[in-house]
Amino acid sequence: MSILVIRGPEHHDGLTSPPTPLPPSILGALVQRAGCAGQTLAVRSCGSTTEVLNALRLANEWGVRATLLDPGSLSDHPLLQRAVQGLAHPYVEVHDDLGGHEATLPASTGRRLAVIEGYGARSYALALEIALERLGHAECECDVHVGT
């Protein structure tokens with residue numbers, strides 16, 4: 001796989017839970033866009049810190065070329081920051097909150113290309129475009145645009 005989407009856990013009423021699933025239309029558009037650019041895309045939704053850390057470790061082992069990372073409620077977690085620092089490839093930090101501002105990872109954490117926030121699930125489409133541009137695969141005969 002060339003692009004990995006890692007979605008961290010969310011906190012609601014003091015409880016940690018896996019992130020809500022991406023809408024099928026958004027997920028389908030992401031997979032189609034990556035495929036058009038000759039890349040594969042996988043999504044890993046994590047319900048705990050341990051799952052996120054394992055996904056980041058596996059991203060290096062699997063030779064992932066770029067990660068779209070939504071840290072969820074873990075932005076200020078020191079183990080996450082250390083794991084991201086160890087990524088062998090660039091990442092785009094994604095926050096799919098609408099209007100609210102989640103904490104972001106420190107600017108010097110790893111090989112971050114950008115922080116995308118405030119566009120809901122469409123944040124992932126913008127993050128994917130940034131990752132594809134970095135990988136040299138931004139141009140595609142079947143461009144998919146999600147939202148405006």
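The values are calculated or read from the model by the stated rules, or taken from the named source; none is laboratory data. Given the structure is predicted, the values throughout are model-derived calculations rather than measurements. A quick note on method: Cβ atoms are made from the backbone with ideal geometry, for glycine too, and the neighbour counts reach across all protein chains shown.
You will find that of Glu141, Glu133, the residue that is out of contact with any His (no Cβ under 9 Å at 6 or more places or on another chain), over 30 Å from His12 (Cα atoms), at pLDDT below 85 and not aliphatic (A, V, I, L, M) is Glu141 and no other.
State whether one or more residues within the range 75-93 are more than 22 Å from Thr16 (Cα to Cα), of a type outside the set (Gly, Ala, Ser) and without any contact (Cβ under 8 Å) to a residue 24 or more places away in the chain. No, the range 75-93 contains no residue that is more than 22 Å from Thr16 (Cα to Cα), of a type outside the set (Gly, Ala, Ser) and without any contact (Cβ under 8 Å) to a residue 24 or more places away in the chain.
Every residue, every condition in (1) in contact with a strand residue (DSSP E or B) (Cβ under 6 Å, 6 or more places away or on another chain); (2) buried (at least 21 other Cβ atoms within 10 Å of the Cβ), yes or no:
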residue: His11; (1), (2): no, no
residue: Pro18; (1), (2): yes, no
residue: Val31; (1), (2): yes, no
residue: Thr50; (1), (2): no, no
residue: Leu69; (1), (2): yes, yes
residue: Gly72; (1), (2): yes, yes
residue: Asp76; (1), (2): no, no
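In the range 33-48, the qualifying residues are those that are in contact with a Leu (Cβ under 8 Å, 6 or more places away or on another chain) and not charged (D, E, K, R), and the one that is surrounded by the most Cβ atoms within 10 Å (Cβ to Cβ) is Ala37. Residues being in a helix (DSSP H, G or I), surrounded by fewer than 21 Cβ atoms within 10 Å (Cβ to Cβ), in contact with a Ser or Thr (Cβ under 8 Å, 6 or more places away or on another chain) and polar (S, T, N, Q) are entirely absent from the range 60-67. Residue count for the range 60-106 under the criterion of being within 17 Å of Arg134 (Cα to Cα) and of a type outside the set (Lys, Arg): the result is 14. Among the residues of the range 1-28, those that are assigned to a loop (DSSP other than H, G, I, E, B) and either of a type in the set (S, T, N, Q) or farther than 27 Å from Asp76 by Cβ (or both) comprise Met1, Ser2, Thr20, Pro23.
Note on the range 89-130: residues that are modelled with pLDDT under 95, of a type in the set (D, E, K, R) and over 26 Å from Arg57 (Cβ atoms) total 2.
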